[in-house]
Amino acid sequence: MKVGVVTFPGSLDDRDAARAVRAVGIEAVALWHGDADLHGVDAVILPGGFSYGDYLRCGAISRFAPVMTTIMARAKEGMPLLGICNGFQILCESHLLPGALTRNHELHFLCRDQKLRIENNTSAWTSAFDAGQEIVIPLKNGEGSYQCDDATLESLEGEGQVVARYVGADPNGSRNLIAGITNAKRNIVGLMPHPEHAIDSLTGPTADGLPFFTSILTQMVGA
Amino acid sequence: MTELTGPTNTTKVVVDVMLKPEILDPQGQAVSAALPRLGFNFASSVRQGKRFEIEVEGEVTVEKLAEITKAAETLLANPVIETFVVKVEN
């Protein structure tokens, strides 16, 4: 059982993501943006950072990296795929998830411990949570405002595809306080906050991020 | 004088990209708020976009224009949140 973590030029959180994967007993495999081979992994994480310097739009150039061609094809077949922060932006630019992430409404780069509510515990990456469970994990981004048109928003809410929502004051202007969404098949999840930075009390504010990774372990053992 | 680079025979194509009207533009709002602080009181709103200037070899044929438009909707703009206009400059 292996989970791949992609490194793009400018990725920042690939090592923490790999560490979080290993923390639940899964082998982490480093994947390179220029290599279309997924090296036999069962799931993939697109980590946070500033891939390709966030030039043009966040995630716009990464989406055309050779590794993404294979990831997009496999994800459409049902391979579990988690995009965190910049990874979420890449998933939206790839049109694997609807909508887009734009500049925070107050323009500041945010870095804080953020309370979230898990709205959907039926996705590949959130099954280890209780529905409605509240967690605290770090949020750090400049362009984390989730935007989509009214029809998409209605569909996401109606189909239960909102995975996590910000609790308390609106941090970045996201529609309906959306912090994360999933696709109809529930195998692809995009999340703006960082569960990989909250897997133990030594290095994170909480260990609340860990269930994202135990969820995928359960998913793969059960499959 | 010897011509070193040969005659330039390129045409400029401009792609203007704007956020859709319904998408929040905090950068435009920040500019809009800064103007009156500098004594400029003419603006009721400001929206900020991107401009791409592309030099194309030779004439811009209908086929080339179609290719540029395809590139604009694939890479230069994100049609989920942005609109774009392609213009050939004389």
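Observations on the structure shown:
- Members of segment A:90-123 found to be open to solvent by less than 50 Å² (accessible area, probe 1.4 Å), touching a strand residue (DSSP E or B) at 6+ places or on another chain (Cβ under 8 Å) and of a type outside the set (A, V, I, L, M, F, W, C), listed by number: A:Glu93, A:Pro98, A:Gly99, A:Thr102, A:Asn104, A:Gln114, A:Asn120, A:Ser123
Yes/no matrix, rows are residues, columns are (1) at pLDDT below 95; (2) closer than 30 Å to B:Thr83 by Cα; (3) surrounded by 19 or more Cβ atoms within 10 Å (Cβ to Cβ):
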site	(1), (2), (3)
A:Leu31	no, no, yes
A:Ile71	no, yes, yes
A:Gly78	no, no, no
A:Phe88	no, yes, yes
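- Number of the condition not met by B:Ile81 [criteria: (1) over 13 Å from the mean Cα position of the chain (by Cα); (2) touching a residue at least 60 places away in the same chain (Cβ under 8 Å); (3) more than 23 Å from A:Arg103 (Cα to Cα)]: (3)
- Condition check for A:Leu101: at positive phi and either touching a Cys at 6+ places or on another chain (Cβ under 6 Å) or within 14 Å of chain B (Cβ to nearest Cβ) (or both): no
- Only one of the numbered conditions (1) surrounded by fewer than 19 Cβ atoms within 10 Å (Cβ to Cβ); (2) of a type outside the set (Phe, Trp, Tyr); (3) at pLDDT 95 or above is not met by A:Gly53, and that is (3).
- Listed by first and then second residue, the pairs with beta-carbon distance under 6 Å, at least 6 apart or on different chains, first residue in segment A:44-71 and within 14 Å of chain B (Cβ to nearest Cβ) and under 23 Å from A:Lys2 (Cβ atoms), second outside any loop (DSSP other than H, G, I, E, B) and β-branched (Val, Ile, Thr), are A:Ser62/A:Ile90.
- Scanning segment A:72-98 for residues that are over 16 Å from A:Gly48 (Cα atoms), in contact (Cβ under 8 Å) with a residue 60 or more places away in the chain and within 14 Å of chain B (Cβ to nearest Cβ) returns A:Leu96, A:Leu97, A:Pro98.
- Among (1) away from chain A (no Cβ under 14 Å); (2) open to solvent by 50 Å² or more (accessible area, probe 1.4 Å) - the single one B:Val86 does not satisfy: (2)
- Residue match in segment A:176-199 (condition: in a helix (DSSP H, G or I) and within 22 Å of B:Pro26 (Cα to Cα)): yes
- Every test in (1) within 26 Å of A:Val3 (Cα to Cα); (2) assigned to a loop (DSSP other than H, G, I, E, B); (3) open to solvent by 10 Å² or more (accessible area, probe 1.4 Å) is passed by A:Thr126 save one, and that test is (3).
- Hits in segment A:118-148 - residues which are touching a Ser or Thr at 6+ places or on another chain (Cβ under 7 Å), within 16 Å of A:Arg186 (Cα to Cα) and either within 14 Å of another protein chain (Cβ to nearest Cβ) or not hydrophobic (A, V, I, L, M, F, W, C) (or both): A:Asn120, A:Asn121, A:Ser123, A:Thr126, A:Ser127
- Taken over segment A:99-123, the criterion of being in contact with a Lys or Arg (Cβ under 6 Å, 6 or more places away or on another chain) and part of a strand (DSSP E or B) is satisfied by A:Cys111, A:Arg117.
- Residue within segment B:43-61 that is of a type in the set (Phe, Trp, Tyr), within 10 Å of chain A (Cβ to nearest Cβ) and surrounded by 13 or more Cβ atoms within 10 Å (Cβ to Cβ) present: yes
- Residues located in segment A:166-187, provided they are without any contact (Cβ under 8 Å) to a residue 60 or more places away in the chain and more than 18 Å from A:Leu91 (Cα to Cα): A:Tyr166, A:Val167, A:Gly168, A:Ala169, A:Asn176, A:Leu177
- Within segment A:149-177, the residues that satisfy the criterion of being within 11 Å of chain B (Cβ to nearest Cβ) and either within 12 Å of A:Met192 (Cβ to Cβ) or open to solvent by less than 10 Å² (accessible area, probe 1.4 Å) (or both) are A:Asn172, A:Gly173, A:Ser174.
- Filter result (assigned to a loop (DSSP other than H, G, I, E, B) and in contact with a Ser or Thr (Cβ under 8 Å, 6 or more places away or on another chain)) within segment A:163-175: A:Asn172, A:Gly173, A:Ser174
The values are calculated or read from the model by the stated rules, or taken from the named source; none is laboratory data. In this text the structure is predicted, and so the values were computed from the model without any measurement. We place every Cβ from the backbone using ideal geometry, glycine too, and count neighbours over all the protein chains shown. Surface accessibility is based on the protein's heavy atoms, side chains included, excluding ligands, DNA and RNA. Shrake-Rupley method; radii C 1.70, N 1.55, O 1.52, S 1.80 Å.
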